[in-house]
Amino acid sequence: MAVATRIVRFLVLLLGLASPALAQDEQDLLHYQYDPPLDTDIVHAFEIVSTVIVGEIEHVERWTHDVVIRLDEKDGEEFTGTFELRNVVNLENAEEDFQYLVARSLEGEPFALRMLDLGLASEVDWPAIEARLEERIPELIEPAKADIVLASLDLIPDKTKVVLRPIDAIGQAYVFPFRKDGELHRLENAGKLTYLALDPAVIEIGGGFDQEPQAYILDWLVTPQSDLALEALEAELQRLANTLGSQLDGDSTSIIDQAVAEGINAAEDGYAIYDLDRGLVQEATITALIGSDAVAYGTRIKMTLTSP
């Protein structure tokens, strides 16, 4: 089991999760179970929108893709199978976006995958993926920019986050527990599981059956609690600098350095709708924000389960 997988499993044990969907533990906490069908294409349709604002300049990127997961068996606490990225479409200014370039490079080819029974990716065939990225990314953008993108891979220790970060983002809806009585539940030991890996952080969670959409929902807000949590943003800020570099006349690294010197902050929120019959999250939206006086950056990830 990979180091990242062991960390996730340890954090989940700290949360005291029960195993069945809507099961109760000694703390009156419930959670939604990841219960995927085997030998079936599970198709997640994603729309990702990112906005960077520096002074009077606003840069928006928008693109879509499908993540198709097919699991063949359960091996202990993990599922084995494959994933494939399909229908990668640049809708607005995403041609140099890191995640878009990764998706375009891997589009149409299946890769081996292991998924935790918590709905998070635990391992991918990184040697095959890395070889494909090194071959394809220089074909998609000019050489100097391709070198920067490929160098960014080293900034991400958990390689599942390179290719399946949106899947892990919606996976929070399976991991985070909520109170049976409908009151907000407060977590202070699960920051590493958030989209921006903000740790330490406070996560406020509400969940259960919502009368308005007539569905089981989960709603959460993540707030960092110290400067240590913001150190996790190093890789995110570096990718942001790379994005700014193609949009601004000035030195993008200096702009990021100025933002850090002035003090940056970050926050996340998420909303998910869970389908009890399918045992899967059917819709989810995750928003992540990073801001300072010098620069503001936001990403919104929206997922719709289109099959089964």
Quiz prompt | Ranked D275, D66, D147, criterion: other C-beta atoms within 10 Å, fewest first | solution = D147, D275, D66
Self-check item: Estimated FRET transfer efficiency when R0 is 25 angstrom, pair L38-E109 (beta carbons, to 0.05)
Solution: 0.70
Quiz item: Tell me, what is the percent relative contact order of the stretch 158-232, built from C-alpha pairs under 8 Å that lie six or more residues apart?
Solution: 25
Quiz item: Using a Förster distance of 22 Å, how high is the FRET efficiency between D147 and V60, based on the Cβ-Cβ distance and rounded to 0.05?
Solution: 0.30
Quiz item: Calculated FRET efficiency, L140 and I53, Cβ-Cβ r, R0 30 Å, to nearest 0.05?
Solution: 0.70
Practice problem: Please list the non-local residues whose amide H lies under 5 Å from the amide H of L113, H modeled 1.01 Å from N, same-chain partners needing a gap of 5 or more. | Solution: G81, T82, F83
Exercise. May I ask you to evaluate 6.51 cos²θ - 1.76 cosθ + 1.60, the Karplus curve with θ = phi - 60°, for each residue of the stretch 64-71 and list the ³J(HN,Hα) values in order in whole Hz, giving x for glycine and proline?
Key: 10, 6, 10, 10, 9, 10, 10, 9
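Rule-based calculations on the coordinates, nothing more; no lab input. Everything numeric here is computed off the predicted structure, so don't read it as measured data. Methodologically, a virtual Cβ is constructed for each residue, glycine included, from the backbone with ideal geometry; neighbour enumeration extends over all protein chains shown.
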